[in-house]
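Below is one structure, written out as structure tokens; comments come after it.
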Amino acid sequence: MNSGLTDIHQHLLWGLDDGPETMEGTQEMLREAHRQGIAQVAATCHACPGFAPFDAGLYRERLAQAQDFARQENLAVTVLPGVEAAWTYQTATALRQGKLLTLGHTDCVLLELWRDIPLQQARDAVTQLIRAGYRPVLAHVERYRCFAWWPTQALRFREETGALMQVNASTLMRPRGLAEKRFVRTMLRHRAMDAVATDAHGNPARPINLRQAHDWLLQHTDGEYARMLTTFAGELK
């Protein structure tokens, strides 16, 4: 793994989802990642198998553009493939068929559930991907009511299923409301977060803030755990 931070959740590529609308927006996000010492970025645009077409060819074209720009500008940022895959009954099949991309060509899949998903359906979603040979990483897990409102359920779910849990940097540093505060506190105390990522979209409301999150973690936990959370240590090679 490269030295430096790793952001496994960025809507970096322009014109594919609700991320930047232009190549210039992608370029500015790459510059900001470089300024923050982020060595690896997964370009995780939205994908919703069976409900919205995912243009893998266009994705790869925009990915290559971002990679070329980083090289030309001598930015110490490696742009990795990946998608934020919404859970549908077609997600596992789309992954097996190569229609969706895993994180950095590993077996890890950034998986998005819906906010009010029942616990059993979350378990079914994760189990189906695991049986297909993938390791789900639950995107912004603090958004799912079955976990955020009952953090002990999140702890059991993680232990029993083997799913990994990604928390957004903004939530970590500035949780909204008592439920989010309790969730963040509980997950940190039990060392049950697996990754902190930005979920950046190239706008002020959803910024690249992984360096700030790393510094916050150094003040609230130990250095080893802070680095593990902000490098996704041991998962992306």
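What the table shows:
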quantity: Loop-resident sites, region 86-115, for trypsin sites (Lys or Arg not before Pro), counting at most 12 other Cβ within 10 Å (DSSP); calculated: R115
quantity: Global geometry of region 94-194, whether rounded, prolate or oblate, following the gyration tensor of its Cα atoms and the 1.5 cut on a/c; calculated: prolate
quantity: Cut-off 13 Å between beta-carbons: net charge of the residues surrounding G25, Lys and Arg +1, Asp and Glu -1; calculated: -3
quantity: Gain upon complete extension [W114, E159; 0.36 nm per residue less C-alpha separation]; calculated: 14.1 nm
quantity: Theoretical ellipticity at 222 nm over the chain - DSSP helices of four or more residues, -39500 (n - 2.57) apiece, nearest 500; calculated: -12500 deg cm²/dmol
quantity: Relative contact order computed over region 116-237 (Cα-Cα under 8 Å; 6+ residues apart), in percent; calculated: 20
quantity: For region 1-86: rounded, prolate or oblate by the Cα gyration tensor [a/c cutoff 1.5]; calculated: prolate
quantity: For the chain, diffusion coefficient by Stokes-Einstein and Kirkwood Rh (Cα), 25 °C, 0.890 mPa s, µm²/s; calculated: 139
quantity: The chain: relative contact order in percent, alpha carbon pairs under 8 Å with at least 6 residues between; calculated: 21
quantity: Cβ-based exposure ranking for I130, I8, in which fewest neighbours within 10 Å come first; calculated: I130, I8
quantity: Prolate/oblate/rounded call for region 53-96, Cα gyration tensor, a/c under 1.5 rounded; calculated: prolate
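Since every read-out is calculated from the coordinates, none of them should be taken as a lab result. A quick note: this is a predicted structure, and the numbers were derived from the prediction, not measured. Positions of Cβ are generated from backbone atoms using ideal geometry, with glycine treated the same way; all protein chains shown enter the neighbour counts.
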